[in-house]
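This report concerns only the one structure given below.
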Amino acid sequence: MKRRINSKMVNELNLIVLPSCDDFGNLVYKRLREIRKEDVFLIKPGCFRFATGEGKVVFNESIRGSDVYIFVDVTNYNVTYRLRDKDIPMSPDEHFQDLKRVISVAISEAQRVSVIMPYLYEGRQHKKNNRESLDCALMLQELFNLGVANIITFDAHDPRIQNAIPLGGFVNLIPSYQFLKTIINNIKSIKFEKEKLIIISPDEGAVDRAILLANSIQVDMGMFYKRRDYSKIKDGRNPILEHKFLGGNVEGKDCILIDDMISTGESIIDTAHKLKIMGANKVIICCTFGLFTEGINDIEDAYCKQVFDYMITTNLNYREQSILDRKWYLEADMSEYAAMIIDSLNKEMPLDSLHKLESK
């Protein structure tokens, strides 16, 4: 169904929020209602399990002719299902299967289907070496072949993975401005001056993120090089032997350490420790996804030892309340930005000016 909004005819807008992304999806819906006033509808499909653990999805509302955006958080381990008298946490694989079930229902009625997948499923397996699988590329191709028009993600581990679907829509968004807003609103002592602040990349993979942020505020940047032991594999990766710093003097400066995710926290904490040894003043860790796969005891211990001063992650993925309550933790809210992206795509508007619009 088409409706006229600000003299422009657009398709009716439906948000389909899976249980894994309930909190963030509700926030985006609220923001969209503030922007659009009307013509935005929230749908929560029924996700059920048979006694065997097999799943199915049921829609209780029609979405015929509408522009549909499906929200999923594949990292949410807090969503469980009952199997043989046990509560089983859903894995990323199971979240992805539920997403495909929702798409299979939506695609038959909707005018256009897009997927909001903040953490890109299998994004860490983005390149193929020897006899490895290339899971992220297969995932993107599978969604594209199902009929998905756009895949919207945030801070992809390697955005070049979009080459797997050269004819598909792939939107990769970086939360640099939201990090800056969070710092400005919560850490008043930070001065955005070249002599007092430096942006740090913890490895070569995060250099582009650091350059983007450094150019935005016109300060210097540096990076660490991870020297790895390529003769061994531990937990699916080559262990890090040493961090070497490439850059200018950090003594007496505040450092913003930026990366795409915190998994165990081991690497980023080691990098922060090196910066403190080099004489850095405040060390602020900014990572898009706070996964905290091995809990936060080691991170809490590092904070108590003054290894870092603040840690900022976004609300794009599930985090336990015990993390949100830590005095060193700050959250960058991405709901307004996501709402503006959806509103622009629905109206067929370019995304180039969104940062400028959001900062007003």
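The values are calculated or read from the model by the stated rules, or taken from the named source; none is laboratory data. Keep in mind the model is a prediction, meaning the values are calculated, not measured. Positions of Cβ are generated from backbone atoms using ideal geometry, with glycine treated the same way; all protein chains shown enter the neighbour counts. When the accessible area is computed, the model is the full protein with side chains, heavy atoms only, and any ligands, DNA or RNA have been set aside. Shrake-Rupley method; radii C 1.70, N 1.55, O 1.52, S 1.80 Å.
Quick one: how many Å² of Lys86 are accessible to a 1.4 Å probe, rounded to 10?
Ignoring ligands and nucleic acids, Lys86 comes out at about 130 Å².
Return P(r) of the stretch 210-360 (all Cα-Cα pairs; 10 Å bins starting at 0; whole %; ordered from short to long distances).
Using 10 Å bins, I get a P(r) of 9, 33, 33, 19, 6, 0 for the stretch 210-360.
Build a GNM of the chain with springs between Cα atoms under 10 Å: which of Ile285, Ile187, Ile151 gets the top mean-square fluctuation?
So, out of Ile285, Ile187, Ile151, the one fluctuating most is Ile187.
For a quick check of understanding: with a 1.4 angstrom probe and all protein chains in place, what accessible area in square angstrom does Phe144 have, to the nearest ten?
Result for Phe144: roughly 80 Å² accessible.
On each of the three principal axes of the Cα atoms of the stretch 136-254, give max minus min coordinate, whole Å, ordered largest first.
53, 41, 22
Please check: in the Gaussian network model of the chain (C-alpha springs, under 10 Å), which one of Asn346, Asn238, Asn163 has the largest mean-square fluctuation.
Asn238
Can you give the charge dipole size of the stretch 1-123 about its Cα centre, rounded to the nearest 20 debye, using +1 on the beta carbon of Lys and Arg and -1 on the beta carbon of Asp and Glu?
Around 540 debye, computed over the stretch 1-123.
Using Stokes-Einstein with the Kirkwood hydrodynamic radius over Cα pairs, what translational diffusion coefficient do you get for the stretch 42-190 at 25 °C and a viscosity of 0.890 mPa s, in µm²/s rounded to a whole number?
Using the Kirkwood radius from Cα pairs, D works out to 143 µm²/s.
Given +1 on the Cβ of Lys and Arg, -1 on the Cβ of Asp and Glu, and no further charges, what dipole in debye does the stretch 93-235 carry about its Cα centre, rounded to the nearest 20?
Once rounded to the nearest 20, the dipole reads 380 debye.
Using just the helices of the chain, give the 222 nm mean residue ellipticity in deg cm²/dmol: DSSP H runs with n ≥ 4 each add -39,500 (n - 2.57), and the total is spread over all residues, rounded to 500.
-8500 deg cm²/dmol
Pick out, from Phe292, Cys255, Asn281, the residue whose Cα sits farthest towards the positive end of the charge dipole of the stretch 252-295, with +1 on the Cβ of Lys and Arg and -1 on the Cβ of Asp and Glu.
Value: Asn281.
Nothing charged except the Cβ atoms of Lys and Arg (+1) and of Asp and Glu (-1): what's the magnitude of the dipole of the stretch 205-360 about its Cα centre? Round to the nearest 20 debye.
For this selection, approximately 520 debye.
Please state, to two decimals, what the Cα-based radius of gyration of the chain comes to when divided by 2.2 N^0.38 Å (N = residues).
The chain yields a ratio of 1.03.
With a probe of 1.4 Å, find how much accessible area the stretch 39-97 has per residue, and write the answer as a whole number in Å².
On a per-residue basis, 54 Å².
Out of residues 5 or more away from Tyr81 or on other chains, whose amide H comes under 5 Å of its own, with H placed 1.01 Å from N in the peptide plane?
Ile88, Met90
Find the relative contact order for the stretch 25-74 and round it to a whole percent, using C-alpha pairs within less than 8 Å whose residues are 6+ positions apart.
25 percent
Counting each pair of different Cα atoms once, what's the Kirkwood radius of the stretch 36-112 in Å, rounded to one decimal?
13.9 Å
Using alpha-carbon pairs under 8 Å, 6+ residues apart, how would you state the relative contact order of the chain in percent?
That works out to 13 percent.
Distance in nm between label sites at Glu242 and Ser108, each 7 Å beyond Cα in the beta-carbon direction?
6.2 nm
Over the chain, with a Gaussian network built from C-alpha contacts below 10 Å, which listed residue (Met117, Met349, Met90) shows the highest mean-square fluctuation?
Met349
Expected output is a single nm value to one decimal: the length gained when fully extending between Ile217 and Lys100, i.e. 0.36 nm times separation in residues minus the C-alpha distance. What is it?
Difference between extended and current length: 38.0 nm.
Testing the spin-label approximation: label points 7 Å from Cα along Cα→Cβ at Asp93 and Tyr77. State their distance in nm.
If labels sit at Asp93 and Tyr77, their model points lie 1.6 nm apart.
Could you please report the charge total around Thr313, scoring K, R as +1 and D, E as -1 over all other residues with beta-carbon less than 13 angstrom from its beta-carbon?
Net charge around Thr313: -4.
Spin-label point model (7 Å from Cα, Cβ direction): what's the Leu351 to Glu132 distance in nm?
Calculated label separation equals 2.6 nm.
Got a sec? What order do Thr264, Thr288, Thr52 fall in by accessible area at 1.4 Å, biggest, i.e. largest, first?
In descending accessible area the options line up as Thr52, Thr264, Thr288.
May I ask you to derive the FRET efficiency for Glu204 and Ser62 from their Cβ-Cβ distance with R0 = 45 Å, giving the value to the nearest 0.05?
Efficiency for this residue pair is about 0.35.
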